[in-house]
Amino acid sequence: MKKTVEARINWALVEDGGRKTILPIGMRYCPILVFDGEQSDESLWTATVYNTKIDDRQSIAEVSYLADDAPYQLLESGRRFFLYEGQRIVANGVIF
Amino acid sequence: MKKLIKAGTLLGTGEGANYVGLENLLHISGNEVQLFRVMSVAEWESLSVNGHKFSNYDFAMEKKWFATSHNHARMWGELFYPDGIYRIIEITLADIALDYMFHVKLLDNIGPAYAADIEMLNKVVRRLRLV
């Protein structure tokens, strides 16, 4: 069953490999989401991220997965995660 | 060679490497492979007006993802564009170019996927067509 959580996201600076542009409020963004400490060499999942508030390189966002059969049980309060484009970390975050 | 990411670390594919010299992959002999990308109509139109060259497009992903089959691309299309309005392109490149791309064995429980940045793609894509 699909589940959406709210998270605080810190976007990496461009010089640290971050995105050149921060997604505007309400625009869907679909990076790879990997939880802190997770070690998956086999299977990865695409997230959906909608910024709801933006303050410089930090935002509040609604976070979920793209696929219906993704591991929604992992979207738990307090869990820290990384967002990737390719193998580049573009942000880290924590679920409220 | 094509290890995947661990959280907080970047492990080794050639992705992100210095792309100087990749132009040679446009002409090197050997096997060719095809990859498939699902995209919005607007992204396809952007490709069309730019002579089939990838470009930064609005706030889209700065990396471009590709499936290894048309069927997988269609499955991602149904996830990304539930209204059914999308386009699928096929690119042809030397198989050795895959070593320079980021590779995921299984993405979204659909299939393998490759990602590359725009600069690299524009150096290694030999042919591109709508399928």
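Structure summary
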{"read-out": "Residue identified as buried (at least 20 other Cβ atoms within 10 Å of the Cβ), hydrophobic (A, V, I, L, M, F, W, C), within 11 Å of another protein chain (Cβ to nearest Cβ) and not in a loop (DSSP other than H, G, I, E, B) among B:A97, B:A113, B:A73", "value": "B:A113"}
{"read-out": "Flag if A:I32 is under 11 Å from the mean Cα position of the chain (by Cα) and either more than 12 Å from chain B (Cβ to nearest Cβ) or of a type in the set (D, E, K, R) (or both)", "value": "no"}
{"read-out": "Count - residues of the range A:13-29 that are among the hydroxyl-bearing types (S, T, Y) and more than 7 Å from chain B (Cβ to nearest Cβ)", "value": "1"}
{"read-out": "Residue in the range B:54-65 that is within 20 Å of A:G86 (Cβ to Cβ), without any contact (Cβ under 8 Å) to a residue 60 or more places away in the chain and either in contact with a Pro (Cβ under 6 Å, 6 or more places away or on another chain) or among the basic types (K, R) (or both) present", "value": "yes"}
{"read-out": "The range A:46-62, subset of a type in the set (S, T, Y) and out of contact with any Lys or Arg (no Cβ under 9 Å at 6 or more places or on another chain), residue surrounded by the most Cβ atoms within 10 Å (Cβ to Cβ)", "value": "A:T46"}
{"read-out": "Options B:R74, B:R37; residue that is modelled with pLDDT of 90 or more and touching a strand residue (DSSP E or B) at 6+ places or on another chain (Cβ under 6 Å)", "value": "B:R37"}
{"read-out": "Residues located in the range B:78-123, provided they are under 13 Å from the mean Cα position of the chain (by Cα) and of a type in the set (S, T, N, Q)", "value": "B:T92, B:N122"}
{"read-out": "Selection count, the range A:20-34, where residues are surrounded by fewer than 17 Cβ atoms within 10 Å (Cβ to Cβ), among the hydrophobic types (A, V, I, L, M, F, W, C) and part of a strand (DSSP E or B)", "value": "0"}
{"read-out": "Whichever residue in the range A:63-87 is within 11 Å of chain B (Cβ to nearest Cβ) and without any contact (Cβ under 8 Å) to a residue 12 or more places away in the chain and, among such residues, is surrounded by the fewest Cβ atoms within 10 Å (Cβ to Cβ)", "value": "A:D69"}
{"read-out": "Verdict on A:N10 being within 11 Å of chain B (Cβ to nearest Cβ), of a type outside the set (A, V, I, L, M) and either at positive phi or touching a residue at least 40 places away in the same chain (Cβ under 8 Å) (or both)", "value": "no"}
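Residue-wise test of (1) within 10 Å of chain B (Cβ to nearest Cβ); (2) under 18 Å from B:A115 (Cβ atoms).
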residue: A:T4; (1), (2): no, no
residue: A:G37; (1), (2): yes, no
residue: A:I54; (1), (2): no, no
residue: A:A61; (1), (2): no, no
residue: A:I89; (1), (2): yes, yes
residue: A:N92; (1), (2): yes, no
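For every residue, the table says whether it meets (1) assigned to a strand (DSSP E or B); (2) more than 18 Å from B:K63 (Cβ to Cβ); (3) at pLDDT 95 or above.
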{"site": "A:K2", "(1), (2), (3)": "no, yes, no"}
{"site": "A:G18", "(1), (2), (3)": "no, no, no"}
{"site": "A:S40", "(1), (2), (3)": "no, yes, no"}
{"site": "A:A47", "(1), (2), (3)": "yes, no, yes"}
{"site": "A:Y50", "(1), (2), (3)": "yes, yes, yes"}
{"site": "A:I60", "(1), (2), (3)": "yes, yes, yes"}
{"site": "A:V63", "(1), (2), (3)": "yes, yes, yes"}
{"site": "A:V94", "(1), (2), (3)": "yes, yes, yes"}
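The values are calculated or read from the model by the stated rules, or taken from the named source; none is laboratory data. Keep in mind the model is a prediction, meaning the values are calculated, not measured. No Cβ is skipped: glycine too gets one built from the backbone with ideal geometry, and neighbour counts run over all protein chains shown.
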